[in-house]
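Take a look at the structure set out below.
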Protein chains: 2
Amino acid sequence: MMDTQLVLTQFLTRAEKYYGHKKIISRTSSTMTHRITYRDFAQRTRKLASALEGVGMKRGTKVGTFAWNHHRHLEAYFAIPCAGAIIHMLNIRLSLEHLRYIINHAEDEIILVDEELAPLLASIQHQLTTVKTFVVMGDHVDIAATKLQNAQSYEELLAAADSSYEFPTDLDENMNAGMCYTSATTGFPKGVFYTHRGIVLHSLSLGLVESFGLNERDIALSVVPMFHASAWGLPFAAVNFGSTQVLPGPNMTPQIILDVMEAEKVTVTAGVPTIWFGVLQLLENSTRPIDLSSIRILVSGGASSPKGLIQAFEQKYNIPFTVGYGLTETSPLVTLSRYKSEMDDWSEEQRLEARSMIGMPAALLQTKLLNEEGEVPWDGKTMGELLVKGPWIADAYYKDERTVEAFKDGWLHTGDIAIQTPEGFIKLVDRTKDLIKSGGEWISSVDLENALMTHDAVAEAAVIAMPHPTWQERPLACVVLKNKEVNSDDIKEQLLQYLAQNFAKWWVPDEIVFIDEVPKTSVGKFQKNQLRNQLEELLQ
Amino acid sequence: MMDTQLVLTQFLTRAEKYYGHKKIISRTSSTMTHRITYRDFAQRTRKLASALEGVGMKRGTKVGTFAWNHHRHLEAYFAIPCAGAIIHMLNIRLSLEHLRYIINHAEDEIILVDEELAPLLASIQHQLTTVKTFVVMGDHVDIAATKLQNAQSYEELLAAADSSYEFPTDLDENMNAGMCYTSATTGFPKGVFYTHRGIVLHSLSLGLVESFGLNERDIALSVVPMFHASAWGLPFAAVNFGSTQVLPGPNMTPQIILDVMEAEKVTVTAGVPTIWFGVLQLLENSTRPIDLSSIRILVSGGASSPKGLIQAFEQKYNIPFTVGYGLTETSPLVTLSRYKSEMDDWSEEQRLEARSMIGMPAALLQTKLLNEEGEVPWDGKTMGELLVKGPWIADAYYKDERTVEAFKDGWLHTGDIAIQTPEGFIKLVDRTKDLIKSGGEWISSVDLENALMTHDAVAEAAVIAMPHPTWQERPLACVVLKNKEVNSDDIKEQLLQYLAQNFAKWWVPDEIVFIDEVPKTSVGKFQKNQLRNQLEELLQ
């Protein structure tokens, strides 16, 4: 067979040649929508590569992006790797301390930054030891106002760039194309590389019927930030398949997401449950009918999606709601929960149960659940840590000794505890570190939380371990009430009884505390270590 | 990213683990249908590998198969490459001289042969210089009756084989997994290798929505023989996606194909136009309603599909008919003709025109049309030779100097002449060698043939070049009439007038001759060199 390398350049060429008239719809301010064709996008991408080479980008140079979801960020997604450099997508929600760490640790030399985000970077610019140039993205950039030194305007660079630039044709598919850092429970964020090959294969997998089924007729909305695991790979894949893509710009709110879904007749989208909760509330409170009939698949991942959320979208609004699972380390798609044909004659309840799991691994990936005794059986009850292997799974953290523990024996150890049904569907039951070990047995904090959140009085619930002299650990439920005026003793009793109906006696928490909100990470995941800190006294 | 190799073993593992209960339906005689689960199939495949190693198969050993489409052939499709050996799919329709040549040229050491096909091999066995063992496939094989020396029964070998055998885990994706020979216009057939990587990527591409969209819910019927370009890759891909697969056994006729499509509720199938013509005739002559509503996509390739055929399937029987293009050298999928969204508001006639072209290249492939002046524009009229490049395109003929001409400059030169529309749709207009060069201009024999075949009186038509003192070449039409009793002078006049309405004057053939049939290759393609030989006198 020909030695054809799987590199991103071919995605760009394909979009330009075969889908040149298709559109990228990009929100660059709260009131304006910018539309650009793939043909113009490809031309601008080549100019960007030429311009970046003009300010010092070479093969292997790390070029940071500090930006929301818009067409310029997408241009950077291709211009940097197709020129043989590495795009480092910086998470704008990190603390300044972590931000400084990852830019210096990755040795970024150039950073492309949104005009409105420039002040954040400006405040730490003197601590950035490797950055030589900032390129400021925006419609009408005022460079002086950014306070950045050595900064240039993206659009001015493009205007002056060589329009005859051609991307190199000798890239190797195993070259690094991108990188992201992922937050750790303790310590600094950990960086992973994405190769051209990994991104190409991951993108292809999104086009499979059994996956997102992404294709030319789709209108794909990237709700996940492009600085978070490449917006789950949707922007890359949409270019390859020539899908219309919608990039919703800065400060996405559920209202903006909902508006753009309706206005642009979005067919496929993916985001975290927090966003979908927000969208659901807007739908339920809307005084006018909202037409979302264009949506073919809505993917929810990054945190557990309660059954009530799935049911509301599917039954009330007829929007196919699909749960998925992935990590920054996994590009990110690992699993999706799509019904297998054998589930067709299951009861509605069984199907909902399956739908609320994370499903089965994508083609080309392997997963297994491992506990102290080895690989666990597919019995729907034995818990084990989820391990993943495959061509778009990272094999190391960049210059980081935490690699040793996470990437043992050729598998990524996710730290997520799961069970697997006889059909091969995986259900996450906890994080390794959040699992409650009571009297030698495991109790799933997530199962308890999900049960609590189905109770009418409960807005959110997090369950954490409380040290115990006899049982080592016992569960403590931290509950956010919908109505904070109710009598908390009454409701506490009600909730404990409610749990007792559904769980073995020893699973029922010893105590319930009421809190104002559950602390969350930048992507909406419960931050249980922060919750533990807040409740430190109780847990002594 | 992890260094995970793209090898066929993972397809087998996936089918066994996630789709173990799904079925392979295999016709092993004209009256019986054998059903086997993927779980049993995987177990038998491991045993087959063990058994073949027992009779001398090592890494890199070429193991021939001489067989129809059935579950044992599918077992060989995986057992041989997953063990690190190479499956050589022998075309049972080759002349004995060519068969002897390719077995010796490939240096096959073992041949798996259908019991009913054994006599063919027995007749040349003493000329086979490298074959040490035959393994005879069948339900109840009588080895002695096969007349093969050193022959063993497939089922007996399996019964005695090691059921604890495990496939090696250290295969490299660039290892050869399979090989096929393709007939040449002159000389012996030419052999190409398929690597694990090539087959895996080709299989994935069949799962894309824009391609076959193959998935777990499909019931995939391989009409193309498994000895012909791996049945267009459908058997490999169906294992990966866990699709039910139907293998229609020996001596497939249109009647068998139609019966099995209806009985098994087939959803996806692919074959040559000759088969679909036959199926269409049966549909039109049937005295009872035939239910083919399960069919989601029917692919036709290997030769040009006339518009009338497409129209009849789509409009009369509501069966989506999709034209594709590929070669033995290309695994084989190169292009498919699926409507792009920009064609949605085209007229029915324009859409049919697009539908009758071969469409656009699959993701990961590149094509271009080349003539003496370079790459031709997408203007829908300039002709050029179709060149193909990509990860599942062969890069050489095995030990064959014809490699030099066919694989120039990193591209496969297909020898097919085509035009490309502004939308990127490719239309084949001729073979390089069949193109008529008249007065320095090119005339497409295929365009003339297609036009002739839309005339009511014409069953088939082939147009070839006739030497001419002034114009170098002029077209000669060779026509098979539906009704051979008609006055041929009248009809000749009618046909010439008919063509004159649709073509420039200098395209209209100088002469029409009436023949009994157009000679065809084993896969139903017109054999114009044979036609030229038959008409030698006229062409002097």
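A short reminder: the numbers here are calculations on the coordinates, not readings from a lab. These numbers come from a predicted model, not from an experiment. Note: ideal-geometry Cβ built from the backbone for every residue, glycine included; neighbour counts use all protein chains shown.
Kirkwood hydrodynamic radius for the stretch B:17-75: how many Å is it when counted over pairs of different Cα atoms? Display every interim value, and only then the final one.
Values: mean 1/r = 0.0777 Å⁻¹.
With all distinct Cα pairs of the stretch B:17-75 included, I get 12.9 Å.
Compute the FRET efficiency between A:Q534 and A:N371 as 1/(1 + (r/R0)^6), taking r as their Cβ-Cβ distance and R0 = 25 Å, and round to the nearest 0.05.
Values: r = 31 Å, r/R0 = 1.24.
For A:Q534 and A:N371, the calculated efficiency is 0.20.
If you place +1 on the Cβ of every Lys and Arg and -1 on the Cβ of every Asp and Glu, how big does the dipole about the Cα centre of the protein assembly as shown come out, in debye to the nearest 20? Don't jump to the answer; show the numbers that get you there.
On the way: 98 positive and 134 negative charges, 71 e Å.
My answer is approximately 340 debye.
Between the stretch A:234-296 and the stretch B:362-395, what is the C-alpha centre distance in whole Å?
After rounding, the separation between the Cα centres reads 38 Å.
Sorted from largest down, what three extents in whole angstroms do the Cα atoms of the protein assembly as shown have along their principal axes?
104, 71, 53
Between A:S293 and B:M343, with labels modelled 7 Å along Cα→Cβ, what's the label distance in nm to one decimal, could you check?
Each label point is offset 7 Å from its Cα along the Cβ direction, giving 2.7 nm.
Hey, rough spin-label estimate for A:A457 and B:S163, points 7 angstrom out along Cα→Cβ, what's it come to in nanometres?
The modelled label-to-label distance comes out at 5.8 nm.
Restricting to the protein assembly as shown, what percent of DSSP beta bridges are antiparallel, rounded to 5?
Numbers: 99 of 176 bridges.
If we restrict to bridges inside the protein assembly as shown, about 55 percent are antiparallel.
In peptide A:2-9, what is the residue-averaged number of other protein chain Cβ atoms found within 10 Å of each Cβ?
Rounded to a whole number, the mean comes out at 5.
So, in Å, what gap is there between the alpha-carbon centers of the stretch B:499-537 and the stretch A:465-534?
Value for the Cα centre distance between the two parts: 83 Å.
How many nm is it between the label spots at A:V55 and B:K265, if each spot is 7 Å from the Cα in line with the beta carbon?
So the label points at A:V55 and B:K265 sit 6.0 nm apart.
Based on the alpha carbon coordinates of chain B, what radius of gyration and maximum Cα-Cα distance (Dmax) apply, in Å?
Gyration radius and largest Cα-Cα distance of chain B: 23.6, 74 Å.
Check A:H468: other-chain or 5+ apart residues with amide H under 5 Å from its amide H, H built from backbone geometry?
Here the answer is A:E473, A:R474, since their amide H atoms fall under 5 Å of that of A:H468.
Give, as a single signed number, the net charge of other residues whose beta carbon lies under 14 Å from the beta carbon of B:A459, with Lys and Arg counted +1 and Asp and Glu -1. Intermediate results must be reported in sequence, preceding the final value.
On the way: positive: B:K482, B:K484, B:K520; negative: B:E449, B:D456, B:E460, B:E485, B:D516, B:E517.
Every neighbour counted, the sum reads -3.
Using the Cα centre of chain A as origin and beta-carbon charges of +1 (Lys, Arg) and -1 (Asp, Glu), tell me which of A:A263, A:L448, A:L481 is placed farthest towards the positive end of the dipole.
A:A263
Could you work out how far the C-alpha centroid of the stretch B:199-226 sits from that of the stretch A:164-205, in angstrom?
A separation of 29 Å, based on Cα centres.
Hey, could you pull the Cα Rg and Dmax for the stretch B:226-307, both in Å?
12.9, 39
Could you give each residue of the stretch B:333-346 its phi-based ³J(HN,Hα) in whole Hz, using Karplus coefficients 6.51, -1.76, 1.60 with θ = phi - 60°, and x for Gly or Pro?
Per residue, the Karplus-derived 3J(HN,Hα) values read 5, 10, 9, 9, 9, 10, 4, 8, 4, 5, 8, 4, 9, 6 Hz.
For the stretch A:313-323, just list the computed ³J(HN,Hα) in residue order, Karplus coefficients 6.51, -1.76 and 1.60, θ = phi - 60°, integers in Hz, with x standing in for Gly and Pro.
Coupling constants for the stretch A:313-323: 5, 6, 7, 7, 10, 6, 10, x, 10, 10, 7 Hz.
Using a Förster radius of 41 Å, what is the FRET efficiency between B:T253 and B:E97 based on their Cβ-Cβ separation? Nearest 0.05, please. Walk me through the numbers on the way to the answer.
Values: r = 27 Å, r/R0 = 0.66.
So the FRET efficiency works out to roughly 0.90.
Please compute, for peptide A:335-347, the average count of beta-carbon atoms on other protein chains lying within 10 Å of each residue's beta-carbon. Walk me through the numbers before you get to the answer.
Working: counts 0, 0, 0, 2, 2, 7, 10, 4, 0, 1, 0, 0, 0.
The mean count of partner-chain Cβ atoms within 10 Å per residue comes to 2.
Compare the peptides A:197-206, B:114-123 by average per-residue count of other Cβ atoms within 10 angstrom and give them in order, highest first.
On the way: A:197-206: 26.5, B:114-123: 19.1.
By packing density, highest mean first, the sequence is A:197-206, B:114-123.
Using modelled amide H (1.01 Å from N, peptide plane; none on Pro or chain starts), what sits under 5 Å from the amide H of B:H34, excluding residues fewer than 5 places away?
Close amide H contacts, sequence-distant or interchain: B:S26, B:R27, B:T28.
Could the peptides A:90-101, B:229-240 be put in order, highest first, of the mean number of other beta-carbon atoms found within 10 Å of their residues?
Values: A:90-101: 17.8, B:229-240: 27.3.
The peptides rank, most packed first, as B:229-240, A:90-101.
Where nothing but the Cβ of Lys and Arg (+1) and of Asp and Glu (-1) is charged, how large is the charge dipole of the stretch A:127-226 around its Cα centre, in debye to the nearest 20? If you can, show how the numbers build up before the last one.
Details: 5 positive and 12 negative charges, 116 e Å.
With Lys and Arg at +1 and Asp and Glu at -1, about 560 debye.
Report relative contact order for the stretch A:435-539 in percent, whole number only (criteria: Cα-Cα under 8 Å, sequence separation at least 6).
Working: 155 pairs, mean separation 25.2, N = 105.
Averaging sequence separation for qualifying contacts and normalising by length gives 24 percent for the stretch A:435-539.
Amide H to amide H, which residues 5 or more places from B:S222 or on other chains are under 5 Å from it, using H placed in the peptide plane?
Excluding prolines and chain starts, which carry no amide H, the hits are B:V246.
Only four residue types carry charge here, +1 at the Cβ of Lys and Arg and -1 at the Cβ of Asp and Glu. Report the dipole size of the stretch A:435-539 about the Cα centre in Debye, rounded to the nearest 20. Kindly include the intermediate steps, with their values, before the conclusion.
Details: 10 positive and 16 negative charges, 74 e Å.
In debye, rounded to 20, the stretch A:435-539 gives about 360.
Tell me, what are the semi-axes, in whole angstrom and largest first, of the equivalent ellipsoid of the stretch A:296-366 as set by the roots of 5 times the Cα gyration tensor eigenvalues? It would help to have the intermediate numbers written out before the result.
Working: eigenvalues 88, 44, 19 Å².
Each semi-axis is √(5λ); the values are 21, 15, 10 Å.
If packing is taken as the mean number of other Cβ atoms within 10 Å per residue, what is the order of A:345-354, B:450-459, highest first? Walk me through the numbers on the way to the answer.
Numbers: A:345-354: 12.8, B:450-459: 16.6.
Listed from highest to lowest mean packing, they are B:450-459, A:345-354.
Test of understanding: what is the full-extension gain from B:A500 to B:H413, defined as 0.36 nm times their sequence separation minus their Cα-Cα distance? Display every interim value, and only then the final one.
Numbers: separation 87, 0.36 × 87 = 31.32 nm, distance 3.31 nm.
Full extension of this stretch gives 28.0 nm more.
Positive end of the charge dipole of the stretch A:9-363 (Lys, Arg +1 and Asp, Glu -1 on Cβ, about the Cα centre): tell me which of A:M57, A:Q127, A:A229 has its Cα farthest that way.
A:M57
So how long is each side of the stretch B:434-475 along the principal axes, counting just the alpha-carbon atoms, biggest first, in Å?
Its Cα atoms span 33, 15, 13 Å along the three principal axes.
Where both partners of a DSSP beta bridge lie in the stretch A:9-363, what percent of those bridges are antiparallel, to the nearest 5? Provide the component values of the computation, followed by the final result.
Numbers: 17 of 52 bridges.
If we restrict to bridges inside the stretch A:9-363, about 35 percent are antiparallel.
If you bin the C-alpha pair distances of the stretch B:147-282 every 5 Å from 0, what whole percents do you get?
Bins of 5 Å from zero give 2, 8, 14, 15, 17, 19, 14, 8, 3, 1, 0 percent of pairs.
Kindly state, as a whole number, the per residue volume in cubic angstrom of the convex hull around the alpha carbon atoms of the stretch B:439-539.
Working: hull volume 10.9 nm³, N = 101.
It comes to 108 Å³ per residue, whole-number rounded.
May I ask you to derive the relative contact order of chain A, considering only C-alpha pairs under 8 Å and at least 6 residues apart, and to give it as an integer percent? Kindly include the intermediate steps, with their values, before the conclusion.
Numbers: 1098 pairs, mean separation 54.3, N = 540.
Averaging sequence separation for qualifying contacts and normalising by length gives 10 percent for chain A.
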